[in-house]
Structures are given as C-alpha cells and as structure tokens.
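Structure first, then comments.
The values are calculated or read from the model by the stated rules, or taken from the named source; none is laboratory data. This is a predicted model, so every value here is computed, not measured. Every residue, glycine as well, gets a Cβ built from its backbone with ideal geometry; the counts of neighbours run over all protein chains shown. Keep in mind that these areas ignore ligands, DNA and RNA; they rest on the heavy atoms of the full protein, side chains included. Shrake-Rupley method; radii C 1.70, N 1.55, O 1.52, S 1.80 Å.
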Amino acid sequence: MTDSKTAQPNDEASQTETGNRLFGRRKGRPLRKRRTSLIEDLLPRLEIPVPKPGDRLDPAGLFDEPKREVWLEIGFGMGHHLAWQAGHNPDVGIVGAEPFLNGIAGLLGMVEDEALGNVRVLPDDARPLLDALPDASIGRAFVLFADPWPKKRHADRRFIGPENLPRLARVLKDGAELRLASDDMGLVRWMLEHTVKHPDFEWTARRPSDWRVRPDDWPATRYEEKAIAAGRKPVFLRFVRRPRG
C-alpha cells in the first residue's frame, strides 16, 4: 500500500482471480463512527465496481463534469497524496485503487472535508481496472511507497515488475508520467531494474537531485515523514511513456 504501510502482509491476505496477491490485509483497527458512515454513505457514490474479465471502462465517463485528463494512483494508502493532487488539480479526474478499508475511509474524510468532486475509488486490486481501461487513456500514474515484499520468495508480488509494467504502458498516454517512490532500497533497485529496461519507459533523471528531491507538485505524505524521522531516505523516480510507433 502506498502512504502508510499499515496493511502489512500476513497469511490471511486476500488473493484475487488475477493471480498472486499484491497486498496484505483489507482492514486494520475498527473504524470510528464517522469513518463507518463515510464507507456506508459516501463510498457508494464514488465507488468503481471491480471490472470483470472482458469489461471495458471509459475513465472520462466516471466524472460528472469533463476533465482535462484522468490520473491513476495505485495503492493510495491513507489518501494524503491523492487528496492533495485532487485539490490542486480540479480539472483532472483522479482514480485511486486501494483494498485497505481504513485507508479508503481516510481518503473519504478528506474528500468530504475539502469538497473534492474529482475523485473516484476502486476499493480493490488495481489489476482488473488496468485491464478494463482503454489504451492511452491515463495522463499520469502513481505507485508510491508500495509494500516492498522484502522476502525473496515474495518478490513477484511487487506491483512494479514484469507483470504490470506492460499494463501501465498500455493505458498511459504518450509522454505521460509514471511516478514511483520508496524508502526501501531493495524495492528501489527492483523498480529501476525493471522499468529502465522496459522499452516503453524512459527515466527522466539527469542528476542525483532528480531522485533525491521531490518536485514541488509532489507532496510529502505522513508515511514519508515517518520514514525520514526513522533515518530512511526516500527515493523519487519519474518515468515517461515513450511515444508509440
């Protein structure tokens, strides 16, 4: 999960029809009254049903008003980055995929408090959503502070890798950004290895500050702040989708 890592892997983690599970538990501490109300009342108005195999989804049609672009955040954790992007880019529709119920409730609280009308939520695995999206339909994608799955036998559960990079390349527009971040150096090396060698992506970094310093339009999250306080140094990676053909 991005942002908080409160959903840690365990033996009861869910597994979807698409293959290996990429996330841990779906629920943490019991939700307080307000968050329970948000799940019951607000989520149904913003929720994207999990697409079935063969389904097709028009992302622009998810929003009440026309949007300049649609962006996608995969594993938004407690939602701080997604809510910031939505608030600072009201002309962009932002879709977030997150299976962790407590994180979804956290995002919904910010959506309500800040009257964010440009957010939609898939409360599940992002892979069926990626498979249902049209080619070249997403203007930017984020996978931030994902679970590093540090055990070698679990490496194929890391979201950025051979299984999902082709999915992302297909749905991203030419020139669209793919933004990745982690404070786990094992995961950073893994993401760089697989994304740099993928023919559809180009790493934009030209100097060390390009991966050591967040751009101004990339807000800090609470998880990132905790990582820095613990002595871990986040790495920020930006790739662009190369032009087709």
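So which of ILE104, ILE160 is at pLDDT 95 or above, crowded, with 17+ Cβ neighbours inside 10 Å and in a loop (DSSP other than H, G, I, E, B)? Steps first, please.
Numbers: ILE104 fails: in a loop (DSSP other than H, G, I, E, B).
Every option except ILE160 fails the conditions.
Given the criteria touching a residue at least 12 places away in the same chain (Cβ under 8 Å) and in a helix (DSSP H, G or I), does TRP71 qualify?
no
Look at the stretch 171-197 and say how many of its residues are among the polar types (S, T, N, Q) and within 20 Å of GLY77 (Cα to Cα).
1
Looking only at the stretch 107-133, count how many residues are farther than 18 Å from PHE63 by Cα and open to solvent by less than 10 Å² (accessible area, probe 1.4 Å).
Going through the stretch 107-133 one residue at a time, the tally reaches 4.
With (1) open to solvent by 10 Å² or more (accessible area, probe 1.4 Å); (2) touching a Pro at 6+ places or on another chain (Cβ under 9 Å); (3) at pLDDT below 95; (4) assigned to a loop (DSSP other than H, G, I, E, B) as the list, and ALA60 as the residue in question, which single condition is left unmet?
(4)
Among the listed residues GLU193, GLU202, identify the single one that is modelled with pLDDT of 95 or more, of a type in the set (D, E, K, R), farther than 13 Å from ARG179 by Cβ and open to solvent by less than 80 Å² (accessible area, probe 1.4 Å).
GLU202
Inspect the stretch 225-243 for any residue being open to solvent by 40 Å² or more (accessible area, probe 1.4 Å), in a helix (DSSP H, G or I) and touching a Phe, Trp or Tyr at 6+ places or on another chain (Cβ under 6 Å) and give the result as yes or no.
There is no residue in the stretch 225-243 that is open to solvent by 40 Å² or more (accessible area, probe 1.4 Å), in a helix (DSSP H, G or I) and touching a Phe, Trp or Tyr at 6+ places or on another chain (Cβ under 6 Å).
Would you confirm, using the coordinates I've provided, whether LEU165 is in contact with a helix residue (DSSP H, G or I) (Cβ under 9 Å, 6 or more places away or on another chain) and within 23 Å of TRP84 (Cβ to Cβ)?
no
Given the conditions (1) surrounded by 13 or more Cβ atoms within 10 Å (Cβ to Cβ); (2) at pLDDT 95 or above; (3) assigned to a loop (DSSP other than H, G, I, E, B); (4) not polar (S, T, N, Q), and given that ASP210 satisfies all but one, which numbered condition is not satisfied?
Result: ASP210 passes all but (3).
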